[in-house]
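I have placed the structure first, in the form of structure tokens, so that the comments after it can refer back to it.
Nothing in this text is a laboratory measurement; each read-out follows from the coordinates by a stated rule. Quick caveat, the model's predicted, so the values are computed rather than measured. Every residue, glycine among them, receives a Cβ derived from its backbone with ideal geometry; neighbour counts consider all protein chains shown.
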Amino acid sequence: MATPLPRLQPASQELLNHIALARRLHDAEEVLYEDWQRFVRGLESELRRLAPALKNWARPWVDIDIDADATSASVNIESNATWRFSGQPGVCLYFSIFRESVLGDDNYAPNVGLWIDRAWEHHDALCAVLETHRPPGFTSTYEDGTTDPDTPFWKPLPLRDFQNEGTFDRERFVKEIVAAFESLAAVRAEVDGYLAEHLPPRLLVPRLKRALILDLETWQGKPDEIVEVGLILTAYDPSSGELLGETDRYGGLRDPGPRATAKPSGRITAKMVKGKELHTGQIEALIGQSDVIISHNAFGFDKPRFERLFPSSKSRRWLCSYQGLEWSSSGSKPAKLSDLCERHGVTNRDAHRAMPDAEALLQVLAQKNGAVSYFAQLVGSPVGG
């Protein structure tokens, strides 16, 4: 199985080809650690493709520890929002590799495992449930008999096991990582079953949040001028990311004025905007009610332009549906809104007009990607501005 993960630098490959020699080199692990970080970041983007059993899991994330005493890099993945507490990870599958791994210390061997935060109220009980569901090849103790309180079991992957006639077999290493994730994914049913019985009941009336779906149309110039705004305020359940319906909207045209140097577009002419003004009070009210603002290409286009006219939006969390979701995994590439509409059967009644584009984006985000909607995946992402 050839993989597109980043390849090791020649110097790092040489160290892995000659691990016995590397152990005698001072700080040899430092040479490799930069490559391990690249490797883990590559695994983050490819994990669900390489391991089909994880396809409908939450988006993986990377954690790189730069503490001098415990430098490690890991990629982690959760089943869904129930595997979190207080908004933070409570349970996850992981692949972790250490700066010290090349030196062959078994306590620092790269490994794939199940992690449960010891501060989580369900830690002890869930560990007891999972004790009889350890996949073959996984262990719960180090060679010296000690255990890891956060990790009920893991599969060590010592680098020396992947040497073949003096050459480190990177492809086999990746295959073993993927196979370990595949076998470990089987415990999801046990974790989900336990949590379904023991998590506190959800409130009959959940505490809702609101997302402001935004689209702008502009005339290009130096600077660009906003000539149309489309805004849809929608409620959602923050615990599940479930969309609960539109609560308000605003759409309007704007005349940038006689001093504007931007050139009118074919879709929105100077005649259409002449004398038009945005109702700033309505827009400010929508901003004030929102917990998050979402647009397609937020950071590359909408956010800096909207903030020039409405500085209050700087205090809101922004999310980008263009960059913040892995559309390629759903078969949509590139991720232009028109392509996504076609892919997901969404009809845009008037493309490249602000309100119809905002409506189309909301309909696309409402589509399911596996077990959850694209919207739920986006609002659950830690990436935002």
Anyone know which of G245, G281, G113 comes out most mobile in the 10 Å Cα GNM of the chain? G281
Please give me, ordered by residue number, the trypsin sites (Lys or Arg not before Pro) of the stretch 100-175 that lie in loop per DSSP and have at most 16 other Cβ atoms within 10 Å. R118
Helix 28-50 axis, angle to the chain major axis (alpha carbon atoms, nearest 10°): 60 degrees
May I ask which of K55/K314; K55/K175; K209/K274 have a Cα-Cα span longer than 28 Å here? K55/K314; K209/K274
With unit charges on the beta carbon (Lys/Arg positive, Asp/Glu negative), name the residue among N297, A270, L243 whose Cα is farthest towards the positive pole of the charge dipole of the stretch 243-360. A270
Hull volume per residue for the chain, using the convex hull of the C-alpha atoms, in Å³ is 173 Å³
Dividing the alpha-carbon radius of gyration of the stretch 209-379 by 2.2 N^0.38 Å, where N counts its residues, gives 1.02
Just in the stretch 151-249: which GluC sites (Glu not before Pro) are loop by DSSP and have at most 10 other Cβ atoms within 10 Å? E165
Using θ = phi - 60° and the Karplus curve 6.51 cos²θ - 1.76 cosθ + 1.60, what whole-Hz ³J(HN,Hα) does each residue of the stretch 255-265 get, with Gly and Pro shown as x? 8, x, x, x, 8, 5, 9, 5, 8, x, 9
Local electrostatic count at L114 - Lys and Arg +1, Asp and Glu -1, tallied over other residues with Cβ under 14 Å: -4
Once the other residues with Cβ under 11 Å from the Cβ of I232 are scored (Lys, Arg +1; Asp, Glu -1), what is the net sum? -3
Taking the Cα centre of the chain as the origin, how large is its charge dipole in debye, to the nearest 20, when only Lys and Arg (+1) and Asp and Glu (-1) carry charge on their Cβ atoms? 2160 debye
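To the nearest 20 Debye, how big is the dipole of the stretch 10-198 about its Cα centre, given +1 on the beta carbon of each Lys and Arg and -1 on that of each Asp and Glu? Intermediate results must be reported in sequence, preceding the final value.
On the way: 18 positive and 33 negative charges, 153 e Å.
Approximately 740 debye in magnitude.
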